[in-house]
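Undergrad: Structure provided below as structure tokens; questions to follow.
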Amino acid sequence: MEEIDRRIVTLLAGDGRMSFTDLARETGLSVSAVHQRVRRLEKRGVLRGYTALLDHDAIGLPLTAFVSIKPIDPAAADDAPDRLAHLSAIEACHSVAGDESYILKVRVASPLALEELLNQIRTAANVSTRTTVVLSTPYEHRAPDLTGGPAGEPAP
């Protein structure tokens, strides 16, 4: 990826609503050149979409937890993500190395709601769970800096 495309991706990762005019000013390109590059990045799948960041406290989902799951029967099919896809409280599902098979990021309204969700997860996927409740989140959704490595060298 060219350095200018890395700069555009870094800027958009920090503010997905940044205008083409602002992107042009930050990159030194014309508005039409930025527009073409953004469209090319979208077509290549580098930019996969734009989303709103939510205040989960404000929408009634203040409790975040990470739920590690592993199958009760290790010989069973590895289909937990499919079995859990219908549970909207699961924000993310990550396949991981280690003792567990997956780690789920969940957001719920209360400890009782978390307990109910854990029961749903266990039943739907026939898994055991280990849960870590988040106390606070100092930062999240950080934009990557693709413009240089630790010594200011271009990223690979």
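The values are calculated or read from the model by the stated rules, or taken from the named source; none is laboratory data. All values reported here derive from a predicted model rather than from experimental measurement. Glycine also receives a Cβ, built like all others from the backbone with ideal geometry; neighbour counts cover every protein chain displayed. For the accessible areas, the whole protein counts, side chains as well, though only heavy atoms, and no ligand, DNA or RNA atoms are used. Shrake-Rupley method; radii C 1.70, N 1.55, O 1.52, S 1.80 Å.
Undergrad: Look at L29 and say whether it is under 20 Å from H141 (Cα atoms) and of a type in the set (A, V, I, L, M, F, W, C). Reasoning before the result, please.
TA: On the way: under 20 Å from H141 (Cα atoms): no; of a type in the set (A, V, I, L, M, F, W, C): yes.
Against the criterion (under 20 Å from H141 (Cα atoms) and of a type in the set (A, V, I, L, M, F, W, C)), L29 does not qualify.
Undergrad: Quickly run through the stretch 51-82 and pick out the residues that are within 18 Å of the chain's Cα centre (by Cα), surrounded by fewer than 10 Cβ atoms within 10 Å (Cβ to Cβ) and in contact (Cβ under 8 Å) with a residue 12 or more places away in the chain.
TA: Of everything in the stretch 51-82, those that are within 18 Å of the chain's Cα centre (by Cα), surrounded by fewer than 10 Cβ atoms within 10 Å (Cβ to Cβ) and in contact (Cβ under 8 Å) with a residue 12 or more places away in the chain turn out to be T51, L53.
Undergrad: Now for a different question. Residue by residue through the stretch 83-104, note down the ones that are of a type in the set (D, E) and surrounded by 12 or more Cβ atoms within 10 Å (Cβ to Cβ). Please lay out each step first, then the result.
TA: Let us first name the residues in the stretch 83-104 that are of a type in the set (D, E), namely 91, 99-100.
Matches in the stretch 83-104: E91, E100.
Undergrad: More than 28 Å from T137 (Cβ to Cβ) and hydrophobic (A, V, I, L, M, F, W, C), is that true of M18?
TA: Working: more than 28 Å from T137 (Cβ to Cβ): no; hydrophobic (A, V, I, L, M, F, W, C): yes.
Judged against the criteria, M18 is not a match.
Undergrad: Going by the structure shown, is V38 in contact with a Ser or Thr (Cβ under 9 Å, 6 or more places away or on another chain), at pLDDT 95 or above and hydrophobic (A, V, I, L, M, F, W, C)? Spell out the reasoning first.
TA: Values: in contact with a Ser or Thr (Cβ under 9 Å, 6 or more places away or on another chain): no; at pLDDT 95 or above: yes; hydrophobic (A, V, I, L, M, F, W, C): yes.
No: the conditions fail for V38.
Undergrad: Considering only residues of the stretch 1-35 that are closer than 19 Å to G49 by Cβ and acidic (D, E), which is least open to solvent (accessible area, probe 1.4 Å)?
TA: Checking each candidate, the answer is D5.
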